[in-house]
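Following: one structure in structure tokens, then a few remarks.
The values are calculated or read from the model by the stated rules, or taken from the named source; none is laboratory data. Because the structure is a prediction, the values reported are computed rather than measured. Cβ atoms come from the backbone with ideal geometry, glycine included; neighbour counts cover every protein chain shown. Surface accessibility is based on the protein's heavy atoms, side chains included, excluding ligands, DNA and RNA. Shrake-Rupley method; radii C 1.70, N 1.55, O 1.52, S 1.80 Å.
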Amino acid sequence: VGYDMLGWALVDAGRPAEAIAPLERAVELGGGRWLALSNLGRAYAGVGRRDDANAVIARLEREWGRTGYGNFAIAAVHVALGARRSSQMLT
């Protein structure tokens, strides 16, 4: 959880490049918790790694997509990628 919180704080502070390593570690140690995955997707989006961010979205959809938390996590990555309307999130 500590790696996730550190990464989350770095993403929110506008330092996504620094957030990637702790968030990748959080995903590895936490078995892919929805929050760590979402924050990692946001970090990838923040540094222009769109393919990696989209891969995170796909994983979230597979593993968490039918839960309220999963929907929040998926939307957060879409927003970080610049989606502004729900129709953009579906493409």
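At a 10 angstrom cut-off on C-beta neighbours, averaged per residue, how do the peptides 5-11, 30-36, 45-51 rank from highest to lowest? Walk me through the intermediate numbers first.
Details: 5-11: 20.3, 30-36: 18.1, 45-51: 15.6.
Descending packing order for the listed peptides: 5-11, 30-36, 45-51.
Over the chain, what relative contact order in percent results from Cα pairs under 8 Å that are six or more residues apart?
Values: 119 pairs, mean separation 21.2, N = 91.
It comes to 23 percent, rounded to a whole number.
If you roll a 1.4 angstrom probe over the protein chains with everything in place, what fraction of the accessible area of the chain belongs to carbon and sulfur, to the nearest %? Walk me through the intermediate numbers first.
On the way: 2800 of 5180 Å².
The C+S portion of the solvent-accessible surface of the chain is 54 percent.
Per residue of the stretch 38-43, in order, report the coupling 6.51 cos²θ - 1.76 cosθ + 1.60 (Karplus, θ = phi - 60°) as ³J(HN,Hα) in whole Hz, putting x for Gly and Pro.
4, 5, 5, x, 5, 5
Return the sequence-ordered ³J(HN,Hα) values of the stretch 58-68 in whole Hz as given by the Karplus equation 6.51 cos²θ - 1.76 cosθ + 1.60 applied to θ = phi - 60°, using x for Gly and Pro.
4, 5, 4, 4, 5, 9, 9, x, 9, 10, x
With +1 assigned to the C-beta of every Lys and Arg and -1 to the C-beta of every Asp and Glu, and no other charges, what is the dipole magnitude of the stretch 1-73 about the Cα centre in debye, to the nearest 20?
Details: 9 positive and 9 negative charges, 27 e Å.
Here the size comes out at about 120 debye.
Measuring with a 1.4 Å probe in the full set of protein chains, what accessible area per residue, in whole Å², belongs to the chain?
Details: 5180 Å² over 91 residues.
Per residue, the chain has 57 Å² of solvent-accessible surface.
Only helical DSSP H runs with n ≥ 4 go in: add -39500 (n - 2.57) per run for the chain, normalise by residue count and round the 222 nm mean residue ellipticity to 500 deg cm²/dmol. If you can, show how the numbers build up before the last one.
Numbers: 6 runs with 71 residues, N = 91.
That calculation yields -24000 deg cm²/dmol at 222 nm.
Just the number: Rg to Rh for the chain, Cα atoms, Kirkwood Rh, two decimals.
Details: Rg = 11.8 Å, Rh = 12.5 Å.
Checking Rg against Rh, the ratio lands at 0.94.
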